[in-house]
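Q: Structure incoming, see below.
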Amino acid sequence: MKIQIWVHKNEAISGNITQHYYTRPYHDRHEEWVQVLISQNEFAKLHDNKIPDSAIDNQELRDTIEDGGGWLVKQYNRNREQKDWVNSIEEIPYIYEKNPDNNEVYRRKPGAPIENRERVSMGVSERDYSVDKGLEQLEKEMKTKTGSEFMSWFHKLTKNEQTTLTKYYND
C-alpha cells in the first residue's frame, strides 16, 4: 500500500519531513509543495514522529535501545490496553519483525542481535495448502467427529477440502 501526502519541496529534498498534509495546503499557495508516495511503514513512522524518516535502519533501532528504549516501549504500548502496558524495554517479551520479501515473521528479545532471532508461525496464513486431503481421508476423519466437534473441524479445513466435501454430499 502506498500513501500520498503533500510536503514542502525543501523537506522532500532533504528527507527530513517535519510537516505533511493530505491535500495541497491552501494557506501557503506561493510556497512550493510536492506530492509524494510513501509506504505504510514510513507513514506510521512519520505520523508517530518518533524516529526521523531518513534514519530507519537497524543501527538506529540499536541506538534507541541503548538510550533506554523509549521509542520501543511507546510502540509496544500503542495498541494495548493500559493494564497491559510496560514501563521499560526489559519488560517487553519479544520484538516481532516481518521480512517483506518472503513474508516470514521472526521474533527476538529487545536488544538481542539479529542473528539470535527465531522464525515463528503466524497461524492460518502460514498454512501449507499444497497438500489437501483427499475425499477418502476427509470421510475417515469426519466419521470420528461428534456433532459438536464437526463445525470446528470443518472450519479448520482448507477451502479446497471444504469444497470437496460439500460437492460430494450435495450431489
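The values are calculated or read from the model by the stated rules, or taken from the named source; none is laboratory data. Just so it is clear, the model here is predicted, and its values are computed rather than measured. Cβ coordinates were reconstructed from backbone atoms using ideal geometry, including for glycine residues, and neighbour counts include every protein chain displayed.
Q: Of the residues that make up segment 58-79, is at least one more than 15 Å from Lys109 (Cα to Cα), basic (Lys, Arg), at pLDDT 75 or above and surrounded by 12 or more Cβ atoms within 10 Å (Cβ to Cβ)?
A: Yes: segment 58-79 contains one or more residues that are more than 15 Å from Lys109 (Cα to Cα), basic (Lys, Arg), at pLDDT 75 or above and surrounded by 12 or more Cβ atoms within 10 Å (Cβ to Cβ).
Q: From the list Asp132, Asp128, pick out the single residue that is of a type outside the set (Val, Ile, Thr), within 22 Å of the chain's Cα centre (by Cα) and modelled with pLDDT under 85.
A: Asp128
Q: I want to confirm something. Restricting to segment 80-102 and keeping residues that are at pLDDT 80 or above and of a type in the set (Asp, Glu), which single residue is nearest to Arg117 (Cα to Cα)?
A: The extreme case among them is Glu97.
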